[in-house]
Every structure is written in C-alpha cells, then in structure tokens.
Amino acid sequence: MRVGVSKSWGRHIVAAVVAAAAVWTVPASAQKTELLVYTALETDQIKAYEDAFYKAYPDVAIKWVRDSTGVITAKLLAEKANPQADVVMGVAASSLALLDSNGMLQPYAPINLDAIMASYRDKKSPPAWWGMDVWGATVCFNTVEAQKKNIPKPETWKDLTKPIYKGQIVMPNPASSGTGYLDVAGWIQMWGDAKAWKFMDALHDNIAQYTHSGSKPCRQAGAGEFPIGVSFEYRAVTTKKSGAPIDIIFPTEGLGWDLEASGIMKNTKKVEAARALMDWLATPGAMELFAKNFAVLAMPGMAKPLDFVPVDYEKRLIKNDFAWSAKNRDKILAEWLKRYDGKSEPKS
C-alpha cells in the first residue's frame, strides 16, 4: 500500500523547514558567544557581577562551573590535556600562578591594566593573570555558645592551641579550600616551616572538623554548631549581618590572604569574548561591585570602608609570595594531608 502525506501535514512540514532555515540564517552577530567560566566566587556574589557584565557586553553569555578553589584548581589540572574552560575567574592568584607555570594560560593585558596595582598582578608583561580583590583569614566566634561553655574569646592564632578550645574549632581543608590553603601558606610564611607545623600540630588537637568550604566554618559558628570557625572576612561579615551572634576576630600575628584573580585559558577558541570579560573586570564599574564585598581591591582608590572590617585591614596582611605558594603547593598539601586529613569531613 502506498503511504502518502496529507496536504495539511505537507504544509506543516514546509513551514517547519522554512522556520529551521530561518534559524540557521540569523546573522552571527545576533548570536551570543558562550564562555565556559570556572570560578570559586561565592554563589551570592555571581549574579550582580554577571548582570553588570551583560549590560556592557550583551553578546556574551557565561556558563559557570563553580566550586571551592582547591576543587576548581584540581579540575583544571586534571583537564590539562583536554581543556574545557575558556576563562578562570575569581580563583586564588596562587592557583592562577600554578596554572601559568603549567603553561595553561595565555597572556593578555586588559584595556585598563595600568590601573591595577603591580603587587596584585602577574609580573610578566603582558600578564597571565591579575587580581580583582583580596580575601583574608578571619575567625568567627559565637559569643552565645562560648558563654554557655565558658570559653574565652581568642585574640591570636596561638590562642587557638590552648586546651580549653579542644573540639571547639572548625577550619577549611587546604586541599579543597583556597581559604584553608591561604591559612596554611600564611602560617608557614610568617613563622617558617618548623614553627608553623608545630603550631598546626597543636591546633589539630583542638579541631573538631576540617570542612571542604572556606565559608562553612563561619556558617557553622554562626549557627552555633561550633563556637569557633576559621574562615574569611566576606563570609564573616555577611554572617554577622544576618543576625548571627558572632564576633569577628582578626588574629594579631598577621593574616594569610590571597587574591581573587582571573585569566584566559591558553587553548580557548573564544578569545574575543574572553578578552571582553577580562576588560570588564578591570573597569572601575566592576571594582565598585567588588568593593561591596571586600575591603582591599586590586585597583587603588576604589575601596570603601566595610562594616566590621578594621580600617587598617590591608596593613594586617602578611607579606605574601604567590609564586612560592604555587611552587610549594603540592608539597605543603601532601604534608598537611598526611598529618591531619583524618578529621576532614566526608566528601560529598
């Protein structure tokens, strides 16, 4: 039996073919370029940054892959032979330096590069990466829970090794968290290997758990799960502003820190769109958005005082060597995991 097509169905098919052809004949300029961006930005920051970028560059769309710094860094290194990301944005400068040493970034000087402080960008010209803002070590202290347990407020890092704090402290795992790594790298740079590992041995006795997120210890402290959480200042401020009964402590010996930094992956095929994102990140408008979250910016003169952050915050930051942090990362993490990983929270 011959199978036919009705006139009605024929008209539908013709219409569908015409519609499909119309899609494929849309000028390329009207189609958005999608960038795959790997990031460790906090999830509650991304929307504002994205919206502002789209206003400036409506022809670019961002697909985000977001995780903690250590996870993003490991993912990028694992994909070295078959890179997926186009851009790395808002990831620790120490990680960007590591990617660059592995030949994974392509240099680019954004339009406004001269406005970025030399100390907050890669020293090569053009740079392989450059910074957005600084985030640094902070301790969240739940005053209500501490009072219940008769625990005094610590003022220094070394206070945290006192026996009274046994089982009362949570901090990030440096293998998965950039905040955890800046803590460990900061202590080593401040005190040297021997004294820093001796300190961490004593601190470990008081640790209840190492988390895989830099934000989580402060959230846990804010919720009263543990009295003390080693975290970073952005999450400490947002937790306190949410009404949590915490004091924010900036230990007096000095604060480890890192930069939220960005760079273009070497093998991206979307160079023009990637450069557009880099150009936008170096604008005063972008820095104004970063200033709502962080007290120290890569562009001088743009930062504003933040609630609960000391006005001399930048002076409290230790002298930090990103190249050293990148070069020694594997060795430091291997030693840390060997000594302390038994108290890390299970991986999800």
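Please name whichever of 164, 210, 113 sits farthest to the positive end of the charge dipole of the chain, dipole taken about the Cα centre and charges placed at Cβ: Lys and Arg +1, Asp and Glu -1.
210
Which value at 222 nm does the chain reach when only helices count, each DSSP H run of 4 or more adding -39,500 (n - 2.57), with the total divided by all residues and rounded to the nearest 500 deg cm²/dmol?
Value at 222 nm, helices only: -12000 deg cm²/dmol.
Please report the relative contact order for the range 39-95, taking Cα pairs under 8 Å with a sequence separation of at least 6, and give it as a percent rounded to a whole number.
Once normalised by length, the contact order is 53 percent.
Could you work out how far the C-alpha centroid of the range 73-119 sits from that of the range 151-211, in angstrom?
What the calculation gives is 29 Å, centre to centre.
Expressed as a whole percentage, what fraction of the accessible surface of the chain belongs to carbon and sulfur atoms when a 1.4 Å probe is rolled over the protein heavy atoms?
The value for the chain is 55 percent carbon and sulfur by accessible area.
Tell me the per residue accessible area of the range 173-250 using a 1.4 Å probe; a whole number in Å² is fine.
Ligands and nucleic acids excluded, the result is 29 Å² per residue.
Can you list the trypsin sites (Lys or Arg not before Pro) in the range 258-348 that are in a DSSP coil and have 16 or fewer other beta carbons within 10 angstrom?
Answer in residue order: 266, 269, 292, 319, 347.
Apply the a/c threshold of 1.5 to the C-alpha gyration tensor of the chain and tell me whether it is rounded, prolate or oblate.
prolate
Just check the range 237-348 against the gyration tensor rule for me: Cα atoms, a ≥ b ≥ c as the square roots of the eigenvalues, rounded for a/c under 1.5, and otherwise prolate or oblate depending on whether a/b exceeds b/c.
Note, shape of the range 237-348 comes out oblate.
Once you charge only the Cβ atoms, +1 for Lys and Arg and -1 for Asp and Glu, what is the size of the charge dipole of the chain about its Cα centre, to the nearest 20 debye?
Dipole magnitude for the chain comes out near 880 debye.
Solvent-accessible area of residue 302, probe 1.4 Å, all protein chains present, reported in Å² to the nearest ten, please.
We get 40 Å² for residue 302.
Can you return the aspartates and glutamates within cross-link range of residue 266? Criterion is Cα-Cα under 14 Å, with same-chain partners fewer than 8 residues away left out.
79, 86, 100
Can you figure out the FRET efficiency of residue 51 with residue 118, using R₀ = 41 Å and their beta-carbon distance, to the nearest 0.05?
0.85
Could you tell me which of the pairs 166/241; 32/240; 63/338; 148/331; 148/241 are separated by over 31 angstrom between their Cα atoms in the structure shown?
32/240; 63/338; 148/331
Of the listed peptides 81-91, 150-160, what is their order by residue-averaged count of other C-beta atoms within 10 Å, with the highest listed first?
Result, highest mean first: 81-91, 150-160.
Once you sort the root eigenvalues of the Cα gyration tensor of the range 226-275 as a ≥ b ≥ c, which label holds: rounded (a/c under 1.5), prolate (a/b larger than b/c) or oblate (the other case)?
prolate
The values are calculated or read from the model by the stated rules, or taken from the named source; none is laboratory data. From a predicted model like this one, the values you see are computed outputs, not experimental measurements. Because the Cβ atoms are built from the backbone with ideal geometry, glycine has one as well, and the counts that use them run over all protein chains shown. Note: accessible area is taken over every heavy atom of the protein model, side chains too, but ligands, DNA and RNA are not part of it. Shrake-Rupley method; radii C 1.70, N 1.55, O 1.52, S 1.80 Å.
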